[in-house]
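This report refers to the structure that appears directly beneath it.
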Amino acid sequence: MKNKLKDLFQDLLDLIEDRALADKVVDVLTDAAEQGNWQPEDLEKIPFTLLTNTQGINLIEHTKAVTYASLGIADALEKAYKNLPYSINRDWLIAGGILHDVGKFIEIGRDENGNYIKSHRGKLLRHPISGAILAAHHGLGEEIQNIIANHAKEGEGRPQRIETVLIHQADFATFNPMVMMEKKILIT
């Protein structure tokens, strides 16, 4: 499992300068996938949400899109603002991007017919909470925990790191069009 996850995210993991942080990211991913009882061949089939039709986009693709999009926002801010009023920690941004939905490996399960459903554990704790707990368990700092715990509605009105804000915006930029497509209000 660990090697498969490392391979799936190698392009992003290579961008993390702190190699110990990159290793912990892989450990968190592996733990989550194993706790969710997933097999390596399942990883690229898990939908990124159960809330709307994902149009075939899986959790791995979504996670990578969110991470790359957040990096793109960071690049735009750094390029456009003469005096950026805050610093962006790229290692935390990438690690947080990769892990923002890690709790979905536990939140999503399968029923007896193989359909994707919200698992019992997922009903008890949404993915931002279970993901932050996993990150803490593996020794990731509170900065990364803030990104995971606050990237979705749980973070509304809560103190957030700039990396959390960027992940949140990138996440909803990838989620909202799917919802709009299903409601037939996305103009294409």
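The values are calculated or read from the model by the stated rules, or taken from the named source; none is laboratory data. What you see is a predicted model; the values in this text were computed from it and never measured. Cβ atoms come from the backbone with ideal geometry, glycine included; neighbour counts cover every protein chain shown.
Some notes on this structure:
- Every residue from region 108-131 that is of a type in the set (Val, Ile, Thr) and either assigned to a helix (DSSP H, G or I) or closer than 22 Å to Pro159 by Cβ (or both): Ile129
- Sole exception among (1) within 15 Å of the chain's Cα centre (by Cα); (2) in a helix (DSSP H, G or I); (3) modelled with pLDDT of 95 or more for Val102, by number: (2)
- Residue in region 57-78 that is among the basic types (Lys, Arg) and either touching a His at 6+ places or on another chain (Cβ under 7 Å) or free of Cβ contacts under 8 Å to residues at least 40 places away in the same chain (or both) present: no
- Filter result for Arg121 (at pLDDT 95 or above and out of contact with any helix residue (DSSP H, G or I) (no Cβ under 6 Å at 6 or more places or on another chain)): no
- Verdict on Leu12 being closer than 27 Å to Met178 by Cβ, buried (at least 18 other Cβ atoms within 10 Å of the Cβ), under 17 Å from the mean Cα position of the chain (by Cα) and without any contact (Cβ under 8 Å) to a residue 60 or more places away in the chain: no
- Residue check, Ile106 buried (at least 24 other Cβ atoms within 10 Å of the Cβ), within 27 Å of Glu44 (Cβ to Cβ), β-branched (Val, Ile, Thr) and in contact with a Lys or Arg (Cβ under 8 Å, 6 or more places away or on another chain): yes
- Top-ranked residue of region 137-163 - restricted to ones that are assigned to a helix (DSSP H, G or I) and modelled with pLDDT under 95, ranked as surrounded by the most Cβ atoms within 10 Å (Cβ to Cβ): Gly155
- When Leu134, Leu186, Leu166 are checked against the criterion of being touching a Pro at 6+ places or on another chain (Cβ under 8 Å), of a type outside the set (Phe, Trp, Tyr) and either in a helix (DSSP H, G or I) or surrounded by fewer than 20 Cβ atoms within 10 Å (Cβ to Cβ) (or both), Leu186 stands alone in meeting it.
- Within region 48-90, considering residues that are closer than 22 Å to Asp101 by Cα and of a type in the set (Gly, Ala, Ser), the one modelled with the lowest pLDDT: Gly56
- Residues that are under 16 Å from Gly131 (Cβ atoms) and hydrophobic (A, V, I, L, M, F, W, C) were ranked within region 62-92; the one that is surrounded by the fewest Cβ atoms within 10 Å (Cβ to Cβ) is Trp92.
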